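Colleague: Could you have a look at this structure, given as structure tokens, before my questions?
The values are calculated or read from the model by the stated rules, or taken from the named source; none is laboratory data. Since the model is a prediction, treat every value here as computed from it, not as a measurement. We place every Cβ from the backbone using ideal geometry, glycine too, and count neighbours over all the protein chains shown. Heads up: the accessible areas ignore ligands, DNA and RNA and are worked out on the full protein's heavy atoms, side chains in. Shrake-Rupley method; radii C 1.70, N 1.55, O 1.52, S 1.80 Å.
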Amino acid sequence: MDNSTTHTSDFLVLGSGIAGLFFALKASELGSVTIITKKERAESNTNYAQGGMAAVLTPEDSFAEHIEDTLIAGAGLCKREAVEAIVYDAPHVVEELLKIGTKFDMKDGNLDLVREGGHSRHRIIHSADLTGKEIERSLLHALSLKENVTLLEHHVAVEFITEHHFKENIGTGFKTDNPTCYGVYGYDTMNERVEMFLANITLLATGGCGQVYAHTTNPAIATGDGMAMSFRAGAAIANMEFIQFHPTTLFHPKAKSFLISEAVRGHGGLLLNTDGERFMERYDERLELAPRDIVARSIDAELKKRGDDCVFLDVRHLDREEVLKHFPNIAERCLEFGIDITKDLIPVVPAAHYACGGVLTNLNGGTSIQNLYACGEVTCTGVHGANRLASNSLLEAVVFARRAFAEIETTFKSTFKENPLQNISEKISPWDESGTKNPDEWVLLQHDKREIQQLMWDYVGIVRSELRLKRALKRIDLIRDEIEEFYKRTTVSEDLLELRNMATVAWLIIISAQSRKESRGLHYMTDYPERDDANWLHDTIVKA
């Protein structure tokens, strides 16, 4: 392999979801931008986001109510200042998205606002049931007009480049509590080579980690790469025990956990068991509009109690034309599997959907690694607490990308007046793959991947216990050791990088879940079924 290629730019963005693209568009006003993404530019969790974006846009609504709804959903762990930041900034980012050509649905000349579970008002803007895809389309179009932006597909970030990779520090056991990020080693999957990407500022926006579970709404690329890389580089990781399971994904042998949007229940969809009974009244007075964690646990309890494989979402009583107008993509996809949602019940089960924890950031997206910012699902900003309120994730991604840029903009030209990257590149050790080879043992890796996904689903899912977590940790420790030993003697590949990251993220979720001896939000422990504010009203922070 030729590992000599070095890319240099003012800004390096990892990931092509809404967070990374919005930041890249803003950063292009200051300097050159390189975006690297694992697959095609539009393959991200953003692209699968059906619901919408929450924002206070009418006199009938208020910032105070949006803030309160978010705090209630977060079960005591939201940072109020972070919640206030996204709520107050929401109208501004909506205006910016409209300016670049994002097409949200309109009604009577105004933005069409809908309501979702946990919200006290109609405040969700949307583009039918493919809101994320539309926002991403408009951002990609705006970026295509920028000559100083380079977007490289089929590139996988391997490791952050820090002082640990300086030639003088290799093999010395060098340690620092205050590392600086100079970019990443990135693997070009098409040309099968590791390259250096150097930048003054790196923005991490690699999305979530749903693929560590057997059932997920996330695309195949959501393997927790940014979380794992950040942990290895010395960043603080927080609240990984809070994994949100979407209550309603399509249950069909040929469907890859296709998400049935929260908005379907917000529009009047009912949850029924296999006897046709509406069961949510047994679990929460808010019925189908209860927060996601409660709905997911209620479905899980109903399935376990009855021994059923799925429950059903019913929209047959709603106006056919309205259903097809609001949910055209869902209707079309279900029809591919022989389900006419206006006439048939929709079989659904919960699936891993969103990570509320991640790389710990401040209110401007700054991490504990200098010159490394992060936004989007890869982060723990304090917005979501122990449970994310529906349609706050797209909003959080854009607001924190905007805030990160605002902070950088005030100091960028003075801080990086003399471009230091040329001197830095001479200090950094090139990627070393000496002594590695392509072995014949890839079947073992595929087995490890399936085992990680199944043990996380069985032992670290919607309902947890000390015994289940103990078993999961014992096995994941062995798997991590196997993978790390394999990694050291094996030539880099995309599958190997993803598997290594999945094992690390699974371990982070397990040890975080083990440490929290209570039930709160998305983390439910049968040994500790009550919320315990006296002892656990704080973040779970893990650092290497």
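Colleague: I need the phi-derived Karplus couplings for segment 328-343: 6.51 cos²θ - 1.76 cosθ + 1.60, θ = phi - 60°, integer Hz, Gly and Pro marked x.
Modeller: Each residue of segment 328-343 in turn: x, 5, 4, 4, 5, 5, 5, 5, 4, 9, x, 10, 8, 5, 7, 10 Hz.
Colleague: Roughly how big is segment 63-206's charge dipole about its Cα centre, with Cβ charges of +1 (Lys, Arg) and -1 (Asp, Glu), in debye to the nearest 20?
Modeller: Value, rounded to 20: 40 debye.
Colleague: Can you tell me the accessible area per residue over segment 494-544, all protein chains present, probe 1.4 angstrom, in square angstrom?
Modeller: Result: 39 Å² per residue.
Colleague: Output the 0 to 90 degree angle, nearest 10, between the alpha-carbon long axis of helix 393-415 and the longest principal axis computed from the alpha carbons of the chain.
Modeller: Around 30 degrees separate the two axes.
Colleague: Can you flag which of Lys99/Lys133; Lys256/Lys304; Lys79/Lys175 are past 20 Å Cα-Cα?
Modeller: Flagged as over cut-off: Lys256/Lys304; Lys79/Lys175.
Colleague: Quick check: Cα centre of segment 219-257 to Cα centre of segment 165-200, how many Å?
Modeller: 25
Colleague: In whole percent, and with a 1.4 Å probe on the protein chains, what portion of the accessible area of the chain is carbon and sulfur?
Modeller: Carbon and sulfur together cover 49 percent of it.
Colleague: Farthest toward the dipole's positive end in the chain, which of Thr274, Val33, Ser512, given Cβ charges of +1 (Lys, Arg) and -1 (Asp, Glu) about the Cα centre?
Modeller: It is Ser512.
Colleague: In the calculated pair distance distribution of the chain, what percentage of Cα-Cα distances lie above 39 Å?
Modeller: Across the chain, Cα pairs with separations above 39 Å total 23 percent.
Colleague: Can you tell me the dipole magnitude for segment 326-392 around its Cα centre, using point charges on the Cβ only (Lys, Arg +1; Asp, Glu -1), in Debye to the nearest 20?
Modeller: 240
Colleague: What is the chain's relative contact order, in percent, from Cα pairs under 8 angstrom and six or more apart in sequence?
Modeller: Relative contact order here is 21 percent.
Colleague: OK, next. If r is the Cβ-Cβ distance from Thr58 to Glu484 and R0 is 56 Å, what FRET efficiency results, to the nearest 0.05?
Modeller: 0.55
Colleague: Relative contact order of segment 399-544, please, whole-number percent, based on alpha carbon pairs below 8 angstrom and at least 6 residues apart.
Modeller: 23
Colleague: On a straight-distance basis, which lysines could pair with Lys437 in a cross-link, Cα separation under 28 angstrom, same-chain partners fewer than 8 positions away excluded?
Modeller: Result set, ordered by chain and number: Lys38, Lys39, Lys167, Lys427, Lys449, Lys488.
Colleague: Just how much of Val158 is accessible, in Å², when a 1.4 Å probe is used and the result is rounded to the nearest 10?
Modeller: 0
Colleague: Shifting gears a bit: Once Lys and Arg get +1 and Asp and Glu get -1 on their Cβ, which of Asn239, Tyr185, Gly109 lies farthest toward the positive end of the dipole of the chain?
Modeller: So the residue furthest toward the plus end is Asn239.
Colleague: Can I ask one more? Amide H neighbours of Ser127 under 5 Å, at least 5 residues apart or on other chains, H built in the peptide plane: list them.
Modeller: Asp105
Colleague: With just the Cα atoms defining each centre, how far is segment 344-376 from segment 71-124? Give it in Å.
Modeller: 17
Colleague: Give the angle, between 0 and 90 degrees and rounded to the nearest 10, that separates the Cα long axis of helix 442-459 from the longest principal axis of the Cα atoms of the chain.
Modeller: 40
Colleague: What does the charge dipole of the chain about its Cα centre add up to, to the nearest 20 debye, if the Cβ of each Lys and Arg holds +1 and the Cβ of each Asp and Glu holds -1?
Modeller: Charge dipole, the chain, about its Cα centre: 480 debye, nearest 20.
Colleague: Shape call for segment 408-500 from the C-alpha gyration tensor, a ≥ b ≥ c root eigenvalues: rounded (a/c under 1.5), prolate (a/b greater than b/c) or oblate?
Modeller: In terms of gyration-tensor shape, oblate.
Colleague: Can you tell me the orientation of helix 131-144 relative to the chain, as the angle in degrees between its alpha-carbon axis and the longest Cα principal axis, to the nearest 10?
Modeller: 30
Colleague: Let me ask another. Amide H to amide H, which residues 5 or more places from Leu360 or on other chains are under 5 Å from it, using H placed in the peptide plane?
Modeller: Answer set, sorted by chain and number: Ala236, Ile237, Ala238, Cys380.
Colleague: Picking from Thr410, Leu259, Ile452, whose Cα lies most toward the positive end of the charge dipole for the chain (charges on Cβ: Lys, Arg +1; Asp, Glu -1)?
Modeller: The residue sitting farthest along the positive end of the dipole is Ile452.
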